[in-house]
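Please read the structure below before turning to the comments.
Each reported figure results from applying straightforward, stated rules to the coordinates on display, with no laboratory input. Every value quoted in this text rests on a predicted model; they were computed, and no experiment measured them. Here the Cβ positions follow ideal geometry from the backbone for every residue, glycine too, while neighbour counts run over all protein chains shown.
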Amino acid sequence: MILIATIDPLLRRGLQTTFEKKGEPFMMLEEDSDIVEFTLSFRPSLVILDLFLSNPSGLEILRKLRTKGFTGKVVVLGGQSVQTLTPEASRLGAFQIVGRPFNPAHVLGAARVARGALDNDPEYHHAIDL
């Protein structure tokens, strides 16, 4: 299962549609959810975490996850306005950092790379062969 936490409602809807279409199991969390507790309880195979979250910030959530022993893969959603945060996100073990503008297909691709799932996706191989 993939846990997704983003502040952007349009991206949330796009990700939900994209992940459902591809049959990827996921759980979508709102910004005010206790993302750290959900992650520690459900132990997802991947966390997609928006650095723009606040109270706590996405970076603070990642820091807390690592402090509490979560060793799973994390893809962070960032961009130009959080460029100064990306080295810290990398240091904390972010597998990939997806920049803005966010595109659900790019986020799905980053998730699949992080999970090693692209090898089994014929659409991915077909796109490379073109």
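Using only Cα atoms, tell me the angle between helix 9-22 and the longest principal axis of the chain; keep it within 0 to 90° and round to the nearest 10. So the inclination is approximately 40 degrees. For Lys22, a cut-off of 23 angstrom between C-alpha atoms picks up these lysines, skipping any fewer than 8 places away in its own chain: Lys73. Average projection, convex hull of the Cα set of the chain: 7.8 square nanometres. Among Leu40, Met27, Thr17, whose Cα lies farthest out toward the positive end of the dipole of the chain, if unit charges sit on the beta carbon of Lys, Arg (+1) and Asp, Glu (-1)? Most positive-ward Cα: Leu40. For the chain, modelled as a GNM whose springs connect Cα atoms under 10 angstrom apart, the maximal fluctuation among Lys21, Lys64, Lys73 occurs at Lys21.
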